Amino acid sequence: MMHYIGRFAPSPTGLLHIGSLLTAVASYADARAHGGLWLVRMEDLDPPREMRGAADDILRTLEVFGFEWDGAVMYQSRRYDAYAAALEILKAEGLAYPCYCSRKDWHAAAEQGVDGFVYNGHCAGNLFRQPENGKAAAWRLRVNHDTIAFHDAVVGAYAQNLARDIGDFVLLRADGFWAYQLAVVADDAEQGVTHIVRGQDLLVSTPRQIYLQRCLQLPPIRYAHLPLLTNRLGQKWSKQTLAPALEHRQRKKLLRQVMAYLNLPEAPEGCSAKELLQWAVAHWDISCVPCQAVCTE
Ligand code: GLU
Ligand code: ZN
């Protein structure tokens, strides 16, 4: 058997919805079809945006839908020391620097990139500057003009020039919270993750994560970015677009629905939730997963 460790990494900013279910089913089926492990990690990194009780509700919902994960759930809120250690390495390499720019100031002069504004490097010379009294710094990672290219199992070839498309990006926010990009790379490495199957909304983040892996000398990971599920306006289902939470009573219908979006053959009638997942594993073929967004309404 191939060495495979996969994961599902929900953020408890809301309850699971149909889009999260698609990611859970696909990451689970891909892992189990490879004889691999499937881990669950709670990305509770941004307390101001979190919803009370969502983390427990997410785990309970996964159970009700028949998922079985390996090992204990990792919580990002308990991993701050590991993120600080990663930042220290990047500082020691001269790759991370403190930034005191206010968002308003640097946005005013910046160009639009592929994921928001491209930071103009105003503070890039700050390497040895001491923190200013009473002023909190964000820490940014210095990027370069090398093209970061990879092959995605669903999307195919994808590349970015980080300097042009993204700019030096934040690792630690000025409000003291850790940035998703750093946390996810540190955690995937800690958990030995070899394969990441997640939504295409995160495709734009992947070159940053590959770059961070290289800066920290971590092993590379294989990627598959799934089609997004949208409402009838073509908007990705999320808390903002008022995605309905998964109804436990509808679990079999919902599992069948996302399995159809993944182009899995229809399961026999009368299957339980667990049996539906077994069917997904037995018939899993990543090359059948569509690349284009799917409207669910
Ligand atoms: N926590 C992220 C989300 O819910 C997923 C992160 C990842 O899979 O890398 O969108
Ligand atoms: Zn700055």
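The values are calculated or read from the model by the stated rules, or taken from the named source; none is laboratory data. From a predicted model like this one, the values you see are computed outputs, not experimental measurements. In this analysis, Cβ positions are derived from the backbone assuming ideal geometry, glycine residues included, and neighbour counts consider all displayed protein chains. Only protein heavy atoms, including side chains, enter the accessible area calculation; ligands, DNA and RNA are left aside. Shrake-Rupley method; radii C 1.70, N 1.55, O 1.52, S 1.80 Å.
Take the conditions of a type in the set (S, T, N, Q), part of a loop (DSSP other than H, G, I, E, B) and either away from ligand 2 (no atom under 16 Å from the Cβ) or open to solvent by 60 Å² or more (accessible area, probe 1.4 Å) (or both) and apply them to Asn126. Does it pass?
Working: of a type in the set (S, T, N, Q): yes; part of a loop (DSSP other than H, G, I, E, B): yes; either away from ligand 2 (no atom under 16 Å from the Cβ) or open to solvent by 60 Å² or more (accessible area, probe 1.4 Å) (or both): no.
No, not satisfied.
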Quick one: in segment 83-123, which of the residues that are farther than 17 Å from Leu171 by Cα and open to solvent by 70 Å² or more (accessible area, probe 1.4 Å) is farthest from ligand 2 (Cβ to nearest atom)? Val114
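What do you reckon, is Asn144 in contact with a Ser or Thr (Cβ under 6 Å, 6 or more places away or on another chain) and either free of Cβ contacts under 8 Å to residues at least 24 places away in the same chain or within 16 Å of ligand 2 (Cβ to nearest atom) (or both)? Before the answer, list the steps.
Working: in contact with a Ser or Thr (Cβ under 6 Å, 6 or more places away or on another chain): no; either free of Cβ contacts under 8 Å to residues at least 24 places away in the same chain or within 16 Å of ligand 2 (Cβ to nearest atom) (or both): yes.
Judged against the criteria, Asn144 is not a match.
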Looking for something under 23 Å from Glu50 (Cα atoms), in contact (Cβ under 8 Å) with a residue 12 or more places away in the chain and surrounded by fewer than 16 Cβ atoms within 10 Å (Cβ to Cβ) - is there at least one such residue anywhere in segment 257-271? no
Could we say that Val281 is touching a Pro at 6+ places or on another chain (Cβ under 7 Å) and β-branched (Val, Ile, Thr) here? no
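Filter segment 22-47 down to the residues that are assigned to a loop (DSSP other than H, G, I, E, B) and in contact with a Pro (Cβ under 9 Å, 6 or more places away or on another chain), then identify the one that is nearest to ligand 1 (Cβ to nearest atom). Break it down into steps so the answer makes sense when it comes.
Looking only at segment 22-47, we keep the residues that are assigned to a loop (DSSP other than H, G, I, E, B), and these are 34-36, 43-46.
From what is left, the residues that are in contact with a Pro (Cβ under 9 Å, 6 or more places away or on another chain) are 43-44.
Values: Glu43: 4, Asp44: 9 Å.
Result: Glu43.
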Within segment 86-116, the residues that are touching a Phe, Trp or Tyr at 6+ places or on another chain (Cβ under 9 Å), farther than 18 Å from His145 by Cβ and not in a helix (DSSP H, G or I) are Ala96, Pro98, Cys99, Cys101
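Going by what's in this entry, would Gly19 be described as surrounded by 13 or more Cβ atoms within 10 Å (Cβ to Cβ), touching a Ser or Thr at 6+ places or on another chain (Cβ under 8 Å), modelled with pLDDT of 95 or more and part of a helix (DSSP H, G or I)? Full working, then the answer.
Details: surrounded by 13 or more Cβ atoms within 10 Å (Cβ to Cβ): yes; touching a Ser or Thr at 6+ places or on another chain (Cβ under 8 Å): yes; modelled with pLDDT of 95 or more: yes; part of a helix (DSSP H, G or I): yes.
The answer is yes for Gly19.
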Could you list, in sequence order, the residues of segment 212-224 that are within 15 Å of ligand 1 (Cβ to nearest atom) and either touching a Gly at 6+ places or on another chain (Cβ under 8 Å) or more than 23 Å from Met2 (Cβ to Cβ) (or both)? Leu212
Residue count, segment 209-239, condition over 15 Å from the mean Cα position of the chain (by Cα) and free of Cβ contacts under 8 Å to residues at least 40 places away in the same chain, comes to 7
Of the residues that make up segment 241-249, is at least one surrounded by fewer than 17 Cβ atoms within 10 Å (Cβ to Cβ), of a type outside the set (D, E, K, R) and either part of a helix (DSSP H, G or I) or touching a Lys or Arg at 6+ places or on another chain (Cβ under 6 Å) (or both)? yes
I'd like to know if segment 74-86 contains one or more residues that are in contact (Cβ under 8 Å) with a residue 60 or more places away in the chain, closer than 30 Å to Ala293 by Cβ and away from ligand 1 (no atom under 16 Å from the Cβ). no
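Would you confirm, using the coordinates I've provided, whether Pro12 is in a loop (DSSP other than H, G, I, E, B) and open to solvent by less than 10 Å² (accessible area, probe 1.4 Å)?
Numbers: in a loop (DSSP other than H, G, I, E, B): yes; open to solvent by less than 10 Å² (accessible area, probe 1.4 Å): yes.
Spelling it out, Pro12 is indeed in a loop (DSSP other than H, G, I, E, B) and open to solvent by less than 10 Å² (accessible area, probe 1.4 Å).
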In this structure, is Leu37 crowded, with 24+ Cβ neighbours inside 10 Å, more than 16 Å from ligand 2 (Cβ to nearest atom) and modelled with pLDDT of 95 or more? no
